[in-house]
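Heads up, the thing below is written out as structure tokens.
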Amino acid sequence: MAENGGTGWLAIPDFRRLWLVGFILVVVRWLEMLAVGVFTYQVTGSAAIVAMMTMLRILPMGLFGAFFGAAADVLERRSALILVVVAMMASSLTVAALANAGALEVWHLAVASFVNGVGWATDNPVRRMMIGDVVGPERMGPAMSLDVGTNNASRMLGPTLGGVLLATAGIAGVFWLGAGLYVVGLFAALAIQTRSRPTGVDAGVDGVSFLGGLRDGIVWLRGDRRLLGVFLITIIFNVFGWPSMSMIPVIGKDDLGLGPEGVGLLASVDGVGAFAGALTIMILGRAAWYGRIYVSGLALFLTMIIGFAVAPRIAMDGAVLSGVVLSGAALLVLGVGGACFSVMQATLVYLHAPTAMRARLLGLLSVCIGTGPIGFFYLGFLAEALSAQVATMAMGAQGLVVLALTHRYWRAIG
């Protein structure tokens, strides 16, 4: 364990508070995403619109990620984190109230998804940057493994709770619970003692130097082959991998015949694999392996996306149970691949970036994550033209082809 930096960071109170805030934000995200997906498909019957709802949560990363990264060098990060939690709590409260009044429309959910996405876009340059500052670079890998692992565990809890609540209390119940969890997250954020010192204060940051910070981050990225590789893998994942997860409610309902509770359980299975994968990395992972873990995780994820989509077709005699078991098994292994990717993503950027550039480069990482809407638009087009199953298979296969074709660009990662 010495090579992993020990486990003393677990005793740091501010790490635990930052971890708790992240865990709550991800629980609510998955809780609401499942409910929004099922509700939207029930109302519209359109797989493309379901994909667009998830896309709206990622769009802010592409639009604002670089600016949030530069702003994180100027603002006090604890205050920024508190503001994010308050905004997301207000969004959930508004949706819950509209649902109780019987006035909830799909466009309301679209706006709420976008607001949630704005908060999500701040996670790397604000909360995860704070984690690195609190535990130190030498312990960032295992700390991120725990953070990502428990956040992925929320993918077991969030979709399952979302499915049960949607079936019993309706979508209002889902968003009321989300708002309540945000209150807990707000208290945890308020209790954080660490204060970041805005790096731009002493340098006299103004509007010009703020834009200069963006430019400096881009220039640095162009000159570092390892970070270029990390960002390229991120783009491939978010264009070809992540969007396909939005088809779980559609395939679960149409091809496996599952109700809201069944869809919620199916959507939670990859969280089991992700949790196991992240904890394995935390215990056994070594810094020398980080690059290989990262790339291999993406390859495994894309392969299992294909397996998930194919499973209902290869189930013996079309048996629903066999299809569910095979789909669940594919999602379980997919979760392991997703954990390998997720743990290493921010970790590699934090470790390879110079201290003065970390927040800006983590912001640019959010921009790469924000390329996801390209994949969602493409997936929505394929799903409408073909079917959700065929579209999901096509996305995974094309992602593997792009990964192979771009080997010379990402091989420097390690």
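Cβ-Cβ contacts under 7 Å between residues 6 or more apart (or on different chains), taken from a first residue in region 222-242 that is closer than 18 Å to Gly291 by Cβ to a second residue that is of a type in the set (S, T, N, Q), are listed as Leu232/Thr406; Thr234/Gln345; Ile235/Thr371. Looking across region 72-83, the residues that are crowded, with 24+ Cβ neighbours inside 10 Å and modelled with pLDDT under 80 come down to Ala72, Asp73.
Every test in (1) closer than 20 Å to Gly241 by Cα; (2) at pLDDT 80 or above is passed by Ala48 save one, and that test is (2). Return a yes/no flag: does region 312-327 have any residue that is closer than 19 Å to Met33 by Cβ and surrounded by 24 or more Cβ atoms within 10 Å (Cβ to Cβ). Looking for residues that are closer than 19 Å to Met33 by Cβ and surrounded by 24 or more Cβ atoms within 10 Å (Cβ to Cβ), one finds at least one in region 312-327, hence yes.
Suppose we keep only residues that are hydrophobic (A, V, I, L, M, F, W, C) and buried (at least 24 other Cβ atoms within 10 Å of the Cβ) within region 267-292. Which one would you say is farthest from Leu31 (Cα to Cα)? Once the filter is applied, the top-ranked residue is Ile281. Among the numbered conditions (1) under 22 Å from the mean Cα position of the chain (by Cα); (2) surrounded by fewer than 24 Cβ atoms within 10 Å (Cβ to Cβ), the only one that Ile248 does not meet is (2). Give Leu361, Leu403, Leu332 a once-over and let me know the one that is over 20 Å from Trp289 (Cα atoms), surrounded by fewer than 22 Cβ atoms within 10 Å (Cβ to Cβ) and out of contact with any Lys or Arg (no Cβ under 9 Å at 6 or more places or on another chain). Result: Leu332 is the single residue among Leu361, Leu403, Leu332 that is over 20 Å from Trp289 (Cα atoms), surrounded by fewer than 22 Cβ atoms within 10 Å (Cβ to Cβ) and out of contact with any Lys or Arg (no Cβ under 9 Å at 6 or more places or on another chain). Exactly one residue among Val111, Val118, Val126, Val86 is surrounded by fewer than 21 Cβ atoms within 10 Å (Cβ to Cβ), within 17 Å of the chain's Cα centre (by Cα) and either without any contact (Cβ under 8 Å) to a residue 24 or more places away in the chain or part of a helix (DSSP H, G or I) (or both), and that residue is Val118.
Selection of region 98-108 for residues being touching a Leu at 6+ places or on another chain (Cβ under 9 Å), closer than 15 Å to Gly173 by Cβ and either among the polar types (S, T, N, Q) or not in a loop (DSSP other than H, G, I, E, B) (or both) yields only Leu98. Looking at this structure, is Gly264 surrounded by 21 or more Cβ atoms within 10 Å (Cβ to Cβ) and modelled with pLDDT of 80 or more? Here the answer is no, as Gly264 does not meet what is asked.
The rows are residues; the columns are (1) aliphatic (A, V, I, L, M); (2) at pLDDT below 75; (3) part of a helix (DSSP H, G or I).
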position	(1), (2), (3)
Gly273	no, no, yes
Ala288	yes, no, yes
Val295	yes, no, yes
Leu298	yes, no, yes
Ala311	yes, no, yes
Asp317	no, yes, yes
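Of all residues in region 357-390, which are polar (S, T, N, Q), part of a helix (DSSP H, G or I) and more than 30 Å from Pro137 (Cβ to Cβ)? The one that is polar (S, T, N, Q), part of a helix (DSSP H, G or I) and more than 30 Å from Pro137 (Cβ to Cβ): Gln389. Would you be able to say whether some residue in region 338-356 is free of Cβ contacts under 8 Å to residues at least 40 places away in the same chain, assigned to a helix (DSSP H, G or I) and among the small types (Gly, Ala, Ser)? Checking region 338-356: not a single residue is free of Cβ contacts under 8 Å to residues at least 40 places away in the same chain, assigned to a helix (DSSP H, G or I) and among the small types (Gly, Ala, Ser). From the list Leu186, Leu232, Leu221, Leu190, the one residue that fits, being of a type in the set (A, V, I, L, M, F, W, C) and modelled with pLDDT under 85, is Leu221. Residues that are farther than 19 Å from Met304 by Cα and of a type in the set (S, T, N, Q) were ranked within region 355-397; the one that is modelled with the lowest pLDDT is Thr355.
The values are calculated or read from the model by the stated rules, or taken from the named source; none is laboratory data. None of the values given here were measured: they were computed from a predicted structure. A quick note on method: Cβ atoms are made from the backbone with ideal geometry, for glycine too, and the neighbour counts reach across all protein chains shown.
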